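The values are calculated or read from the model by the stated rules, or taken from the named source; none is laboratory data. All figures in this text were calculated on a predicted structure; none of them were measured in a lab. Here the Cβ is made from the backbone with ideal geometry for all residues, glycine too, and neighbour counts use every protein chain on show.
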């Protein structure tokens, strides 16, 4: 064998063993966010609550624009793989979203949605999405039992460095707590409303959890562009939320009804910015609460009624929303925006606040961005610089609320006991650990 042949074979073996030696690759030119770009394989798969979560659930996912048609396959879950012999295939409704913000590239993506109906309470299902050679893995979810018990997670703003800093909080909650029926986000899921890579980080933090435990979310101010306030097109494209609220506020103002729990989302940014949409939400909320046979009512919106930041005062929420919550005896308001933790009550009676009755208001933060927290009489527990997750359980005549730090340590706890006349008594179970406050 000639020396040239030996050298050729030696080069081939070297290239196979160590490919980087066979060609030049400028790694500095690689985009670290390239993995967030859409592809034929489905990603950003999420379950959303329907308005009747014991009978239906909504699914959403993304692909690149080569996948004009996409499907969902679903079956009742089994102990083994035999469910694959009894699947139903459903064609998704597809829309194209073209987005670009700041320094990000223009991104073309298709979003697909399916509403699964006719489901049975207490039953587990499996599903996958895609088509052809590009299918997701099989995910599994369970429709809650019709036993009037509901367990759910609540997160305040996650907003910044979501995949880097919020992931541990979400995953700690899933590891530390019993299985949840759903998750609530109180707005500001990202920092820049149409930054697709930021949305990719939000989905990355949830990963398979979003595809297995349904979510509901209310928009924050960071989901809007300004002048006038305009909801990011990402919201309706990538979520599949109820549309039973006022016209023009589809998937931002809506209600979800369990047998003994009504949970409502209000569009806080439009309450703050638009007199038209503010009135529409007030009228709708009054109508929904007037005809409300459910024992418990929880409401979520982004701007808190009572601010935790020393320089903030949310006048629209106090002037327009608080009177309705008081009139209809809403049990709990879960909020965001102020990047701190606080919990308490303050019932307005002719300009004087009674801190011993009324709706319980909670502000929390799930991400790393923190603001100063003031001392105020309405607060029974507060915290600065603390990422938390909240477990809310509703069963029979008791609503239980527990707040945990990112370490899984119990930080706050209370119960609301409701008597046959619908009157509430609050029972504090605050841990003995000191409050986490900023150093002076």
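General remarks:
- Looking only at the range 75-100, and only at residues there that are touching a strand residue (DSSP E or B) at 6+ places or on another chain (Cβ under 9 Å) and in a loop (DSSP other than H, G, I, E, B), the one that is nearest to residue 141 (Cα to Cα): 77
- For residue 302, the stated conditions hold: it is at pLDDT 95 or above, in contact with a helix residue (DSSP H, G or I) (Cβ under 6 Å, 6 or more places away or on another chain), in the same structural domain as residue 236 (by TED's automatic domain parsing) and closer than 26 Å to residue 228 by Cβ.
- Criterion violated by residue 348 - all others in (1) within 19 Å of the chain's Cα centre (by Cα); (2) more than 22 Å from residue 150 (Cα to Cα) satisfied: (1)
- Flag for residue 408 being surrounded by 15 or more Cβ atoms within 10 Å (Cβ to Cβ), assigned by TED's automatic domain parsing to the domain that holds residue 313 and assigned to a loop (DSSP other than H, G, I, E, B): no
- Test for residue 169: is it surrounded by 21 or more Cβ atoms within 10 Å (Cβ to Cβ), under 17 Å from the mean Cα position of the chain (by Cα) and in the same structural domain as residue 264 (by TED's automatic domain parsing): yes
- Hey, residue 249 in the same structural domain as residue 197 (by TED's automatic domain parsing), more than 19 Å from residue 315 (Cβ to Cβ) and buried (at least 21 other Cβ atoms within 10 Å of the Cβ) or not: yes
- Residue satisfying all of: in the range 205-229; free of Cβ contacts under 8 Å to residues at least 40 places away in the same chain and in a loop (DSSP other than H, G, I, E, B); farthest from residue 77 (Cα to Cα) among these: 227
- Tally of residues being more than 18 Å from residue 218 (Cβ to Cβ) and in a helix (DSSP H, G or I) across the range 288-317: 2
- Evaluating residue 111 against the criteria (1) at negative phi; (2) assigned by TED's automatic domain parsing to the domain that holds residue 394; (3) not in a helix (DSSP H, G or I) leaves one unmet condition, (2).
- Hey, residue 100 surrounded by fewer than 16 Cβ atoms within 10 Å (Cβ to Cβ), closer than 21 Å to residue 42 by Cα and either outside the structural domain of residue 193 (by TED's automatic domain parsing) or in contact (Cβ under 8 Å) with a residue 12 or more places away in the chain (or both) or not: yes
- Unique match (being under 29 Å from residue 326 (Cβ atoms) and not assigned by TED's automatic domain parsing to the domain that holds residue 177) among 372, 380, 435: 435
- Residue 92 fulfils the conditions (1) surrounded by 20 or more Cβ atoms within 10 Å (Cβ to Cβ); (2) under 23 Å from residue 232 (Cβ atoms); (3) touching a helix residue (DSSP H, G or I) at 6+ places or on another chain (Cβ under 7 Å) except for a single criterion, (3).
- Leading residue by the ranking (nearest to residue 50 (Cα to Cα)) among those in the range 178-204 that are assigned to a helix (DSSP H, G or I) and under 11 Å from the mean Cα position of the chain (by Cα): 203
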